[in-house]
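S.K.: First, the structure itself, so that you have it in front of you.
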């Protein structure tokens, strides 16, 4: 292959790449704007539905978070509520988090919540004999 042909090929594909990168930037801006519209409108939904929608949005935009991050997100999205581990599980399911690969998802959720409490990320309270967890105002 001669050097002129190589230069033409490099130039051609460099221009093609620039065009694709510009298209990607435009698409990323559209994605951000659409996500902002979803988020803004989700704020008018009932709290639990809002939490589920914001969780779904986060997964669509950033890819699915891990188990611990999903639990964090559930608690963050309903900061005015102290939730039981069962309620966290239900909100995770409602948000589309797949718990089927866990033998005992509720035990895993309890473990995650205890760790988050030890780190000061969640506040622990007890009501009607049930332990409840709320996202820490100090972390907000």
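The values are calculated or read from the model by the stated rules, or taken from the named source; none is laboratory data. The structure displayed is predicted, hence computed values, not measured ones. Cβ placement follows ideal geometry from the backbone for every residue including glycine, while neighbour counts extend to all protein chains displayed.
S.K.: Tell me which of these residue 74 doesn't satisfy, since it passes every other one: (1) touching a residue at least 24 places away in the same chain (Cβ under 8 Å); (2) part of a helix (DSSP H, G or I); (3) within 30 Å of residue 129 (Cβ to Cβ).
M.R.: (1)
S.K.: I've got another one for you. If residue 88 satisfies every condition in (1) part of a helix (DSSP H, G or I); (2) modelled with pLDDT under 90; (3) in contact with a helix residue (DSSP H, G or I) (Cβ under 9 Å, 6 or more places away or on another chain) but one, which is the exception?
M.R.: So the condition that residue 88 fails would be (2).
S.K.: Okay, moving on. Please specify each residue of the stretch 1-36 satisfying the condition of being part of a loop (DSSP other than H, G, I, E, B) and either surrounded by 10 or more Cβ atoms within 10 Å (Cβ to Cβ) or in contact (Cβ under 8 Å) with a residue 60 or more places away in the chain (or both).
M.R.: Those that are part of a loop (DSSP other than H, G, I, E, B) and either surrounded by 10 or more Cβ atoms within 10 Å (Cβ to Cβ) or in contact (Cβ under 8 Å) with a residue 60 or more places away in the chain (or both): none in the stretch 1-36.
S.K.: Being farther than 20 Å from residue 130 by Cα and free of Cβ contacts under 8 Å to residues at least 40 places away in the same chain is true for just one of 106, 92, 57. Which residue is that?
M.R.: 57
S.K.: Look at residue 60 and say whether it is at pLDDT below 90 and outside any helix (DSSP H, G or I).
M.R.: no
S.K.: Among the candidates 42, 51, which residue alone is in contact with a helix residue (DSSP H, G or I) (Cβ under 8 Å, 6 or more places away or on another chain), closer than 30 Å to residue 80 by Cα, surrounded by 10 or more Cβ atoms within 10 Å (Cβ to Cβ) and modelled with pLDDT of 90 or more?
M.R.: Residue meeting the stated conditions: 42.
Table: residues versus (1) under 18 Å from residue 56 (Cβ atoms); (2) assigned to a strand (DSSP E or B); (3) over 17 Å from the mean Cα position of the chain (by Cα).
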{"site": "81", "(1), (2), (3)": "no, no, yes"}
{"site": "92", "(1), (2), (3)": "yes, no, no"}
{"site": "96", "(1), (2), (3)": "yes, no, no"}
{"site": "100", "(1), (2), (3)": "yes, no, yes"}
{"site": "103", "(1), (2), (3)": "no, no, yes"}
{"site": "106", "(1), (2), (3)": "no, no, yes"}
{"site": "109", "(1), (2), (3)": "no, no, no"}
{"site": "112", "(1), (2), (3)": "no, no, no"}
{"site": "115", "(1), (2), (3)": "no, no, yes"}
